[in-house]
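Here is the structure we will look at.
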Amino acid sequence: MSAEIAYITAKADLPFWDTVGKGVKAVAEANGYAFSELDSKLSAEMQLNNVRQAIDRHVAGIVISPTNSKSAEEALTLARRAGIPVAIADIGTSGGDYVSFVKSDNYRGAYDVGAELAKALKARNWSSGAYGMVTIELSRKNGQDRTNGFRDAMKDAGFPREIVLRQMKDYSAEETYRYVKEMLAAHPMARGFFIETDQPVDGAMRALREAGKEKQVMLVSFDAMPDVVRLLKSDALVAVGMQQPYLMGSSAAGALVSHLHGRPPAKEILVPILVATRRNVDQLMPVASKTVFGKPLK
């Protein structure tokens, strides 16, 4: 049996996936396995090529973060035919066999983020506040959970007016900048936006700055950027749902290693979301430095 674990990542240059990879690597190497990372660059075709490459190398096992839930099924089928076990770190699959699925509690985390936005809107007496969303792909189970969690929180808090929803395609700050600029032009009375992942938040902030709306529109987001403390304390962001990607990667690799050693892991592992605001971010950072950003503990 080969002593290599391959991590097939959705997009290596996004901080979130980079940190998932660090978690996989740490556990693989701690258990005596070589580690390799293959980048799918958000392409389902490239993802399949990466699976084929891992099969050709006779890896012991694969941890995959799929490009979306639909494309994951074909990747899992290929690996199963080759007799290679797979653990999934985030996003999920619409079918197929896998050892374990590690995911964030996206619904609960997004619900809590929505509750924080509603609280902030009420504090400013913006009780008729309408909101928009720039979501990750809704073909992903995590995208559906995130969107529904946020929407339900806003409804429950008395803010049912969702005015616009746009789905990310390339996950860039530039794309979200264009979306938010268009949304502000079409809906000048918008009071809040939920941006569902990290780097695109920069684009949303730029669109608000250019429109002179930094004080009139509130932003909340999912996945934390390295300067999250500054952004929360300066009120550029009201709340951030911080996934713990290092923990997700290490949990997925741990489940795979357990399977390889004949110990069946849990079929589903749920990793909690840390919801940061200006009030609690200092208390969260000692843990978040490792589990969110993948930095060594001091």
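The values are calculated or read from the model by the stated rules, or taken from the named source; none is laboratory data. Predicted, not measured: the structure shown is a model, and the values here were computed from it. Don't worry about glycine lacking a Cβ; one is built from the backbone with ideal geometry, like all the others, and counts go over all protein chains shown. Keep in mind that these areas ignore ligands, DNA and RNA; they rest on the heavy atoms of the full protein, side chains included. Shrake-Rupley method; radii C 1.70, N 1.55, O 1.52, S 1.80 Å.
The accessible area of Ser289, taken with all protein chains in place and a 1.4 Å probe, comes to roughly 40 Å².
Considering only Ile8, Tyr98, Ala288, the residue lying farthest towards the positive end of the dipole of the chain is Ala288, judged by Cα position with unit charges set on Cβ. Converting phi to 3J(HN,Hα) with the Karplus coefficients 6.51, -1.76 and 1.60 and the offset θ = phi - 60°, the range 43-57 yields 10, 4, 5, 5, 4, 5, 4, 5, 5, 4, 5, 5, 5, 4, 7 Hz in sequence order, with x at every glycine or proline. Spin-label model, Met46/Lys215: points 7 Å from Cα along the beta carbon direction are separated by 4.4 nm. For the chain, the per residue solvent-accessible surface stands at 42 Å², with DNA, RNA and ligands left out and a 1.4 Å probe.
For the chain, the longest principal axis of the Cα atoms and the long axis of helix 245-260 meet at an angle of about 20 degrees. With a ≥ b ≥ c the root eigenvalues of the C-alpha gyration tensor of the range 13-103, is it rounded (a/c under 1.5), prolate (a/b larger than b/c) or oblate? Rounded is the answer for the range 13-103, as its axis ratio a/c remains below 1.5. Per atom type, the chain shows carbon and sulfur on 51% of its accessible surface, probed at 1.4 Å. Between 0 and 90 degrees, the angle of helix 173-186 with respect to the longest Cα principal axis of the chain falls at about 30 degrees. Net charge of the neighbourhood of Ser221, taken over other residues with C-beta under 9 Å away and scored Lys/Arg +1, Asp/Glu -1, is -3. For the peptides 151-161, 113-123, the ranking by mean Cβ contacts within 10 Å, running from highest to lowest, is 113-123, 151-161. The packing ranking of peptides 106-112, 93-99, highest mean first, is 106-112, 93-99, where packing means the average number of other beta carbon atoms within 10 angstrom of each residue. The stretch between Asp156 and Thr77, if pulled fully straight at 0.36 nm per residue, gains 24.4 nm over its current Cα-Cα span.
The shape of the chain can be summarised by an equivalent ellipsoid whose semi-axes, obtained from the alpha carbon gyration tensor, come to 36, 19, 16 Å from longest to shortest. Within the assembled protein chains, the solvent-accessible surface assigned to Ser172 is about 40 Å², based on a 1.4 Å probe. Per the Cα gyration tensor, the range 1-56 maps to an equivalent ellipsoid with semi-axes of 19, 16, 5 Å, ordered largest to smallest. Per-residue accessible area for His58 at 1.4 Å probe radius, Å² rounded to 10? Per-residue accessible area (His58): approximately 130 Å². To the nearest ten degrees, helix 15-30 and the longest principal axis of the Cα atoms of the chain are 30 degrees apart. The C-alpha radius of gyration of the range 129-204, expressed as a fraction of 2.2 N^0.38 Å, stands at 1.04. At q = 0.10, 0.12, 0.13, 0.14 Å⁻¹, what log₁₀ I(q)/I(0) does a Debye calculation on the Cα points of the range 194-298 give, no solvent, two decimals? Taken in order of the listed q values, log10 I(q)/I(0) reads -0.36, -0.49, -0.55, -0.62.
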